[in-house]
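Q: Just passing along the structure, written as structure tokens.
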Amino acid sequence: MRGNRWAFLVLACLALVLSLSTWFSATAVMPELVRLWGLGPSEAAWLTNGVQAGFVVGALASSALALPDRLHPNRLMAAAAALAGLATLVLLLEPGPAAAIAARVVTGAALAGVYPPAIRLMATWFQRGRGLALGCLIGALTLGSALPHLVRGLGETLDWRLVVAAAGLFSLSSALLFGLALREGPHPFGRAARVDLRQTLSILRNRPVMAANLGYFGHMWELYAMWGWFLAWARAASETGVGLGNLSLLTFAVVAAGAPGCVLGGILSDRIGRCRTTALAMGISGSCALAIGLAWSGPAWFLVALALVWGLAVVADSAQFSAAVTELSPPHLVGSALAFQMGTGFALTIATIWALPLLADLVGWRWVFLALAPGPFLGAWSMLALRRMPEARRMAHGMR
């Protein structure tokens, strides 16, 4: 069984890479869609924000209905991945802005049936080494999110439809992996949960869980706005004369740098504790958000290096908030608690993704990332407060 869990980890990561490629599939081809439909800044933002909004609705509904704790997770993830793939392929019909945004909302709602259950499912295979395992899983999510930028960057002359089609087909293929190759591990949480809104209230009253959630919310304030708008920021910087080369490949590299960051975060978390690791990562990423505007004018190598450090740190802590919830929540509510954490966290991303291009119209792109810095610093404070609670001993086998 010990060998089987690593095989499971590889298959689960592969399936997550493929399914999460749908998340930024429209963002990667945003310039073409803006020209095709004559989109303004707010409409363009909603092509990304639609996924966030759909994920929020899907995750909070899933939490309220206790779906991850009542249904077989592999079946739920297979159906959700198939729906995400089909909703992404709708863009190929060129349905216009309103219908395209609606399709992105459906994509996000479907991905709420993939991501939180995948965390719960992974935890049934790993009691020890859970931080590393979940770090690998979120690293896979990061690679999946970056994948459309890679497809775009390797063929900048490619028709945008090929990028979207690749993401949709990737997700459909992941549905087969979820449905046929994955199952619960030897440490299941059980399915005693029922549809009862008081379960959500019990999550809100759980101080250690909510401290971990507040850390996650600060992390999410920064993460998706940075991922979603880095390409636009880099394009604006390159127009000042800084030679940044292939901007799609640069964006892929910055986002994908988070994958090894997640693995490193998982290793550190199992050795020095969840709270210390997350506070360290958020301190670095918040500092990068403050500093990157200063690198706007180059030299190019320094700007790229700083962006890669930011990309590595900005998501290195992500899995550890989820790991903390699996350790601090009542076992029969782990899936619901994860869905609540993620649904609320992603709701915050809607605000920052929507606000950044509007802020750029006021102050220019150079300084917009300053608005993201408060989130990680608040999150770091919350995780250090959690470390002082006696319940924190349940995390990382006492490492906190």
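Q: Taking interchain pairs and intrachain pairs at least six residues apart, which have beta carbon atoms under 7 angstrom, with the first residue in segment 381-400 and β-branched (Val, Ile, Thr) and the second at pLDDT 85 or above and buried (at least 16 other Cβ atoms within 10 Å of the Cβ)?
A: Final answer for the pair search is none.
Q: Another one. State the number of residues belonging to segment 238-258 that are in a loop (DSSP other than H, G, I, E, B), buried (at least 16 other Cβ atoms within 10 Å of the Cβ) and over 19 Å from the mean Cα position of the chain (by Cα). Explain how you work it out, then say what you get.
A: Our first condition is that a residue be in a loop (DSSP other than H, G, I, E, B); within segment 238-258, this holds for 239-246, 257.
Then drop every residue that is not buried (at least 16 other Cβ atoms within 10 Å of the Cβ), which leaves 242, 244, 257.
After this cut, where a residue has to be over 19 Å from the mean Cα position of the chain (by Cα) as well, the list is 242, 244.
Final tally of qualifying residues: 2.
Q: If a residue has to be in a loop (DSSP other than H, G, I, E, B) and closer than 18 Å to Leu338 by Cβ to count, how many in segment 123-159 make the cut?
A: As a first pass, look at segment 123-159 and keep what is in a loop (DSSP other than H, G, I, E, B): 124-129, 155-159.
If we keep only those that are closer than 18 Å to Leu338 by Cβ as well, we get 124-127.
Looking only at that region, the number is 4.
Q: Consider segment 359-400. How many of its residues are charged (D, E, K, R) and not in a helix (DSSP H, G or I)? Before you say what the answer is, go through the steps one by one.
A: Keep residues of segment 359-400 that are charged (D, E, K, R), which gives 361, 366, 387-388, 391, 393-394, 400.
Pick out the ones that are also not in a helix (DSSP H, G or I) and you get 388, 400.
Going through segment 359-400 one residue at a time, the tally reaches 2.
Q: Then there is this: So which residues in segment 50-63 are at pLDDT below 85 and not hydroxyl-bearing (Ser, Thr, Tyr)?
A: Taking segment 50-63 and keeping what is at pLDDT below 85, we get 59-63.
Of everything in segment 50-63, those that are at pLDDT below 85 and not hydroxyl-bearing (Ser, Thr, Tyr) turn out to be Ala59, Leu60, Ala61.
Q: Now for a separate question. Give me the residue from segment 105-129 that is more than 14 Å from Ala140 (Cβ to Cβ) and hydroxyl-bearing (Ser, Thr, Tyr) and, out of that set, modelled with the highest pLDDT.
A: Thr107
Q: Tell me the residue from Val315, Val309 that is in contact (Cβ under 8 Å) with a residue 24 or more places away in the chain and surrounded by fewer than 24 Cβ atoms within 10 Å (Cβ to Cβ), please.
A: Details: Val315 fails: surrounded by fewer than 24 Cβ atoms within 10 Å (Cβ to Cβ).
So the residue among Val315, Val309 that is in contact (Cβ under 8 Å) with a residue 24 or more places away in the chain and surrounded by fewer than 24 Cβ atoms within 10 Å (Cβ to Cβ) is Val309.
Q: Give just the number: which of (1) closer than 23 Å to Arg387 by Cα; (2) in contact with a Phe, Trp or Tyr (Cβ under 7 Å, 6 or more places away or on another chain); (3) at pLDDT 90 or above does Trp233 not satisfy?
A: Condition not satisfied by Trp233: (1).
Q: On to the next question. Quick one: would you say Arg120 is touching a residue at least 60 places away in the same chain (Cβ under 8 Å) and either surrounded by 24 or more Cβ atoms within 10 Å (Cβ to Cβ) or assigned to a helix (DSSP H, G or I) (or both)? Please lay out each step first, then the result.
A: On the way: touching a residue at least 60 places away in the same chain (Cβ under 8 Å): yes; either surrounded by 24 or more Cβ atoms within 10 Å (Cβ to Cβ) or assigned to a helix (DSSP H, G or I) (or both): yes.
Considered against the rule, which asks whether it is touching a residue at least 60 places away in the same chain (Cβ under 8 Å) and either surrounded by 24 or more Cβ atoms within 10 Å (Cβ to Cβ) or assigned to a helix (DSSP H, G or I) (or both), Arg120 comes out as yes.
Q: Taking into account only those residues within segment 92-102 that are farther than 13 Å from Val51 by Cα and touching a residue at least 24 places away in the same chain (Cβ under 8 Å), which is surrounded by the most Cβ atoms within 10 Å (Cβ to Cβ)?
A: Taking the candidates together, the pick is Pro97.
Q: Which one of Gly261, Gly265, Gly228, Gly311 is of a type outside the set (Asp, Glu), part of a helix (DSSP H, G or I) and over 29 Å from Val163 (Cα atoms)? It would help to see each step written out before you state the result.
A: Details: Gly261 fails: over 29 Å from Val163 (Cα atoms); Gly228 fails: over 29 Å from Val163 (Cα atoms); Gly311 fails: over 29 Å from Val163 (Cα atoms).
Result: Gly265 is the single residue among Gly261, Gly265, Gly228, Gly311 that is of a type outside the set (Asp, Glu), part of a helix (DSSP H, G or I) and over 29 Å from Val163 (Cα atoms).
Q: Okay, next question. With the structure loaded, tell me whether Leu306 is over 22 Å from Gly345 (Cα atoms) and assigned to a helix (DSSP H, G or I) or whether it fails that test.
A: Values: over 22 Å from Gly345 (Cα atoms): yes; assigned to a helix (DSSP H, G or I): yes.
So Leu306 fits the description; yes.
The values are calculated or read from the model by the stated rules, or taken from the named source; none is laboratory data. Owing to the predicted nature of the structure, the values given are computational and were not obtained by experimental measurement. Note: ideal-geometry Cβ built from the backbone for every residue, glycine included; neighbour counts use all protein chains shown.
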